[in-house]
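First comes the structure, then the notes that go with it.
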Amino acid sequence: MKPNPNDPKRDVVNTVRISAVELLKLEQEMAAKTGQGSPKRGFLRWSFPKQAVLVEVTQPSGTTSQLRYACRNLSTTGMGILHSSFVHTGTRVIVHLPDLDDNIHLTPAKVVRCSHYRGVIHEVGIRFDRPINIRDFLRLDPMGGAFTMEHVNPEKLNGSVLHVDDSSMDRRLVRHHLRDTNLNVVNAETVEQALARSNEGFDMIICEHDLPDAPGTKLIEALRAKGVQTPIILTTSDASVIVRQQNEETARASAYLIKPFSQDQVLRALGEFMLTESVDSDSGGSVYSGLKESDPAYSFVPEFVEELRQTVQKLNAAIEKKDLPSLRRIVVQVRSAAKGLGFQVVGTAADTAATALNNPNNEREWMRSVRMLIGLCLRVRVREGSKRAG
């Protein structure tokens, strides 16, 4: 007897033996009962109804098995799956997580909760050892305020923000929304003013699209050309602006906000980039030393970070003069200090720049490499509580 192609139970491949159609209905039912929001959670849970996700499970006895689970939802820090029996908390797993291109990411994790739902169905909560980039796995609409953080404590937002907007009312509103944060907000009203202040090393830039002297996209292009990789949130009251930019290959913002936006939206937008401490990624967030604070060398980190601001100015001046000997000398100095003080991502970028400078005829390559190094230097930060050497 041939299988009925319209049978929703055909090709059942998960432990709870439900089809893709049944899984989607069940996920909608569970979401309606439990809700998707919680003020206690740091990251949003997104619907991720995959019929079968391969998971390697290590039992307490040490034996390992591979099972295919129906998946319910996904967040930056974990996921919810469905299983036909109880799973002990603390159980170690490796999730074979498929991204948007169907590439598999082996993601170590552990079971943090398990509850009975109905019949043989149990909902299992899994927490990843390291956060994932949710946008590798889900297509999130930047126009819909699709930020992955569910709740942001404003007091945890530290650093500096450049707000570029010629509307005094909008500047006042942003300051009001950020009143409970520890952010230093610096204002600019034009692209020209923003470029003049960009070397100060901001953690975030909020930029209006319609500025008096040029569109905000021109600021993005100019900053990226200089090697500044600071995350930029583009604001506008015209949603069609974002639609147009999404279809362009250049000048794309890191995120978008449609005016008028709420305090919650702006806090989540900033938290998306500023609350991720990076020591080895290219996410655009702040870069911190990988050294432990107990390491004797760590006391020199604040001084190194301060000197980097002057180093950036020297690099920019040498680029303008096309003074390759000075560029090479400065890059080598940065490489040595960065690696010794735990800034491996900066040291690696300096390696790349030094190699490119060995071929002075390839101006495009050495210019690009040095500007990328400058961008990283501007993202380097000191953790709170660090002390100076000596």
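The values are calculated or read from the model by the stated rules, or taken from the named source; none is laboratory data. All values reported here derive from a predicted model rather than from experimental measurement. We place every Cβ from the backbone using ideal geometry, glycine too, and count neighbours over all the protein chains shown.
Some notes on this structure:
- Of all residues in the stretch 74-105, exactly one satisfies the criterion of being in a strand (DSSP E or B), small (Gly, Ala, Ser) and in contact with a helix residue (DSSP H, G or I) (Cβ under 9 Å, 6 or more places away or on another chain), namely GLY80.
- Failed item, numbered, when VAL380 is tested on (1) touching a residue at least 24 places away in the same chain (Cβ under 8 Å); (2) in contact with a helix residue (DSSP H, G or I) (Cβ under 8 Å, 6 or more places away or on another chain); (3) loosely packed, with under 15 Cβ neighbours inside 10 Å: (3)
- Test: residue in the stretch 39-56 that is modelled with pLDDT of 90 or more, surrounded by 13 or more Cβ atoms within 10 Å (Cβ to Cβ), within 26 Å of ALA269 (Cα to Cα) and in the same structural domain as ASP129 (by TED's automatic domain parsing): no
- Considering the stretch 368-390, the residues that are more than 14 Å from ILE330 (Cα to Cα) and more than 21 Å from the chain's Cα centre (by Cα) include one that is modelled with the highest pLDDT, namely ARG368.
- Test: residue in the stretch 368-377 that is hydroxyl-bearing (Ser, Thr, Tyr), surrounded by 18 or more Cβ atoms within 10 Å (Cβ to Cβ) and not assigned by TED's automatic domain parsing to the domain that holds ASN158: yes
- Of note, ASN153 does not satisfy the criterion of being in contact (Cβ under 8 Å) with a residue 12 or more places away in the chain and either crowded, with 17+ Cβ neighbours inside 10 Å or not acidic (Asp, Glu) (or both).
- Annotation: of all residues in the stretch 253-282 being buried (at least 16 other Cβ atoms within 10 Å of the Cβ) and part of a loop (DSSP other than H, G, I, E, B), the one that is modelled with the lowest pLDDT is THR276.
- Within the stretch 183-232, tally of residues that are out of contact with any Lys or Arg (no Cβ under 8 Å at 6 or more places or on another chain) and closer than 19 Å to LYS156 by Cα: 7
- Test result for VAL346, under 26 Å from ILE206 (Cα atoms), out of contact with any Pro (no Cβ under 6 Å at 6 or more places or on another chain) and at pLDDT 90 or above: yes
- Residue in the stretch 353-361 that is assigned to a helix (DSSP H, G or I), touching a strand residue (DSSP E or B) at 6+ places or on another chain (Cβ under 9 Å) and crowded, with 19+ Cβ neighbours inside 10 Å present: no
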